[in-house]
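The values are calculated or read from the model by the stated rules, or taken from the named source; none is laboratory data. Being a predicted model, the structure only gives us computed values, none of them experimental. Neighbour counts run over all protein chains shown; Cβ positions are idealised from the backbone, glycine included.
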Amino acid sequence: MKILVTGGAGFIGSNLVRLLVQDKGVSVVNLDKLTYAGNLESLSDIEGADNYQFEQVDLCDAQVVNSVLKKHQPHAIMHLAAESHVDRSIDGPGEFIQSNVIGTFNLLQASLAYWRSLPVAGDAQSLMTNAGSGNDPHSSLIDPQSSPTQSTFRFLHVSTDEVYGSLSPEDSGFSETTPYDPHSPYSASKAASDHLARAWGDTYGLPVMVTNCSNNYGPYQFPEKLIPVVILKCLRGEPIPVYGKGENIRDWLYVTDHAEALYTVLTKGRVGETYNIGGNNERQNIELVRMLCRILDEARPMVDEHQPTAEAFESPVTSSSDDGNENSQLEQLRSSSNSNSVGYESLISFVTDRPGHDLRYAIDPTKIRDELGWEPKEDFESGFRKTVQWYLDNQEWWQRILSGEYQLDRLGKDD
Ligand SMILES: NC(=O)c1ccc[n+]([C@@H]2O[C@H](COP(=O)([O-])OP(=O)(O)OC[C@H]3O[C@@H](n4cnc5c(N)ncnc54)[C@H](O)[C@@H]3O)[C@@H](O)[C@H]2O)c1
């Protein structure tokens, strides 16, 4: 069984590739452009594995994408490559249209041509039943004798819950039939790519499945996203930027739970279906940030030199303002947040909200649970403890990133 994973050098992709190579014994071809978010050091533990290969390719280069598929003859494609940071999409939407829309279009076209070149075989309902023998659901996939066929080939398109728009606090979670209503250039570009993937299934018969998942967290997340930002700001003794009043709600999914869910959908899911993947972990951002601070207070108590200084609060992250009133508002919020705080919580600093910031995302995971038997293993407490510990144990990984261009700066204020 050979799977071509796009975006395998990114956060979710690297966790997925590790799961496939190490735990599932699947052969993996990792196709990645290596943008700022792609990092082969996230895969250093498997780079020499016999069942792992890397191809540095930009999905916008249609010819090369075609030739990679012909060369590797995969049984399935798991498409994760994308520009993924909402704040960056506000500053520079063009890259998001190129990689997420044009890149997905190129991959679908190449996949269709490749799929049409495969022999038609069997009437399998899923990869698992077709390749399967015996009771171990995973061993069936590694059958070295099975070559890819039209009936067993799968194209799994990985997307986000952000395509559904924003929920109010009393709404039920997004289901697979919730209408699309994207608000940011990022979510709009992902919505476009989802529509393309489904259209290639409906129009040309390509065996497409789509997943839409909630916010991921865990090891190897690029330090521009909320959770690593909070952890690293704490460790540096710098103000922790919280957008608006921190009231936005997200449903947090541990990244290896997500990787397992993707493998489950690929091997057991029904062609043409969409599966929503959530963590059953809705939290307000401020609640999450406070929890991370408390975990760090236990794991790595703050030392005096990390107490925030007046200069620290004047850093670009917190002092930049869109209008004259913001600084005094911020002062109020800051003092209301910090007056009684001890430890890392005293670093919390409320900053101007992201433009178009969706209030709440939540997933209704009934379908994937009832149909495919998948449920997340990590809960809010266990997943976040593991994540904090990983960033404490792997300082070299993130310090190397921070020694480059990206310096934990605020992006996407649209001013
Ligand atoms: N991180 C989340 O919380 C989350 C939530 C829901 C859905 N998703 C989706 O999951 C997927 C992976 O997200 P992530 O957080 O791992 O992203 P990431 O930004 O960490 O990684 C993206 C990877 O894609 C590669 N890439 C980007 N453009 C490319 C191109 N043109 N050609 C080839 N490779 C390219 C990058 O080099 C990088 O390795 C994305 O499709 C994203 O939309 C992410």
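The numbered conditions (1) within 21 Å of His157 (Cβ to Cβ); (2) in a helix (DSSP H, G or I); (3) away from the ligand (no atom under 12 Å from the Cβ); (4) not small (Gly, Ala, Ser) are all true for Ile77 except (2). Of all the residues in the range 34-57, those that are under 14 Å from Leu4 (Cα atoms), within 13 Å of the ligand (Cβ to nearest atom) and assigned to a loop (DSSP other than H, G, I, E, B) number 1. Within the range 157-185, the residues that satisfy the criterion of being aromatic (Phe, Trp, Tyr) and in contact (Cβ under 8 Å) with a residue 24 or more places away in the chain are Tyr164, Phe174. Going by the structure shown, is Ser67 buried (at least 17 other Cβ atoms within 10 Å of the Cβ), of a type in the set (S, T, N, Q) and more than 13 Å from the ligand (Cβ to nearest atom)? It is false that Ser67 is buried (at least 17 other Cβ atoms within 10 Å of the Cβ), of a type in the set (S, T, N, Q) and more than 13 Å from the ligand (Cβ to nearest atom). Annotation note: of Gly205, Gly278, the sole residue that is of a type in the set (Gly, Ala, Ser), at pLDDT 95 or above and buried (at least 24 other Cβ atoms within 10 Å of the Cβ) is Gly278.
Would you say Pro179 is out of contact with any Phe, Trp or Tyr (no Cβ under 7 Å at 6 or more places or on another chain) and in a loop (DSSP other than H, G, I, E, B)? Yes: the conditions hold for Pro179.
Residue-by-condition table, conditions (1) within 17 Å of the chain's Cα centre (by Cα); (2) surrounded by fewer than 23 Cβ atoms within 10 Å (Cβ to Cβ); (3) modelled with pLDDT under 95; (4) of a type in the set (Ser, Thr, Tyr):
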| position | (1), (2), (3), (4) |
| --- | --- |
| Tyr186 | yes, no, no, yes |
| Lys190 | yes, no, no, no |
| His195 | no, yes, no, no |
| Gly201 | no, yes, no, no |
| Asn216 | yes, no, no, no |
| Gly244 | no, yes, yes, no |
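Beta carbons closer than 7 Å, at least 6 apart along the sequence or on distinct chains, never pair a first residue in the range 80-92 that is over 19 Å from Cys60 (Cα atoms) with a second that is near the ligand (Cβ under 7 Å from one of its atoms). Selection of the range 1-20 for residues being crowded, with 24+ Cβ neighbours inside 10 Å, closer than 24 Å to Leu253 by Cα and more than 9 Å from the ligand (Cβ to nearest atom) yields Ile3, Leu4, Val5, Val17, Leu20.
Glu95 fulfils the conditions (1) within 15 Å of the ligand (Cβ to nearest atom); (2) more than 20 Å from the chain's Cα centre (by Cα) except for a single criterion, (2).
When the residues of the range 21-33 are filtered to those that are away from the ligand (no atom under 13 Å from the Cβ) and in a loop (DSSP other than H, G, I, E, B), the one that is surrounded by the fewest Cβ atoms within 10 Å (Cβ to Cβ) is Gly25. Do you know which residues across the range 353-397 are among the hydrophobic types (A, V, I, L, M, F, W, C) and either at positive phi or in contact with a Phe, Trp or Tyr (Cβ under 6 Å, 6 or more places away or on another chain) (or both)? Selection gives Ile363, Ile368. Scanning the range 30-59 for residues that are in contact with an Asp or Glu (Cβ under 6 Å, 6 or more places away or on another chain) and touching a residue at least 40 places away in the same chain (Cβ under 8 Å), which turns out farthest from Phe155 (Cα to Cα)? Only one residue fits best here, namely Lys33. Restricting Thr177, Thr160 to residues that are at pLDDT 95 or above, within 16 Å of the ligand (Cβ to nearest atom) and of a type in the set (Val, Ile, Thr) narrows the list to Thr160. All but one of (1) of a type in the set (A, V, I, L, M); (2) more than 18 Å from Glu238 (Cα to Cα); (3) at pLDDT below 50 hold for Ala312; state the number of the condition that does not hold. If we test Ala312 against (1) of a type in the set (A, V, I, L, M); (2) more than 18 Å from Glu238 (Cα to Cα); (3) at pLDDT below 50, just (2) comes out false.
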